[in-house]
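The values are calculated or read from the model by the stated rules, or taken from the named source; none is laboratory data. Bear in mind that the values here come from a model prediction, so they are computed numbers and not experimental data. Note that each Cβ is placed from the backbone with ideal geometry, even for glycine, and that neighbours are counted across all protein chains shown. Calculation scope for accessible area: heavy atoms of the full protein, side chains included, ligands and nucleic acids excluded. Shrake-Rupley method; radii C 1.70, N 1.55, O 1.52, S 1.80 Å.
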Amino acid sequence: MRILGINIPDNKHLSIALTAVYGVGRARAGQALTTAGIDTTRTAGSLTVEEETQLRGLLEAFSLEGNLRREVSQNIKRLKDINSYRGSRHSRSLPVRGQRTKTNSRTLRGNRRTTMASGRTKVSKT
């Protein structure tokens, strides 16, 4: 089964398999399945053609995949253009939502860089 150009895994439960589409999480997948009247534990391979088209129609009503990615990148670009604090944090690849950065935020800041004191030798006590 394909939705918006993404292959949905055939061997997983539909509530999990639909999260392969960008913009569809567990909550939205469950909501779409209950609206379509499809059991969440069924697999994508066991759906009929009518159920597939109904589910595809429900999900394509949302802004997903390429449109959603474009919308998010435009929002970030707008924040950078108006020189907001959040935009400056985005441009410097730092946490945007007020997290501490002294000890955490390794994902955004990258690996630790060790610094050596140049020319110093350790003095041992005798």
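Before moving on, here are some points about what is shown:
- Solvent-accessible area per residue, Å², over the chain with all protein chains present [probe radius 1.4 Å]: 74
- Per residue, the convex hull spanned by the Cα atoms of the chain measures out at 213 cubic angstrom.
- Charge dipole (debye, nearest 20) of the chain; +1 at Cβ of Lys and Arg, -1 at Cβ of Asp and Glu: 1860
- Principal-axis tilt of helix 26-36 within the chain, Cα atoms, nearest 10 degrees: 10
- Amide H partners (placed H, <5 Å) of ILE3, local residues excluded: ILE8
- Length added when fully stretched, LEU58-ASP81, from 0.36 nm per residue minus Cα-Cα: 4.8 nm
- Helix axis angle, 49-60 relative to the chain longest principal axis, alpha carbon, degrees: 40
- Charge dipole of region 1-119 about the Cα centre (unit charges at C-beta), most positive-ward option of THR34, TYR22, ILE76: ILE76
- Residues of the chain were split at every exposed loop site, defined as trypsin sites (Lys or Arg not before Pro) in a DSSP loop with at most 14 other C-beta atoms within 10 angstrom, and the longest piece left, sites excluded, is 1-91.
- Under conditions of 20 °C and 1.002 mPa s, region 32-94 yields 147 µm² s⁻¹ as its translational diffusion coefficient, taking Rh as the Kirkwood radius over Cα pairs in the Stokes-Einstein equation.
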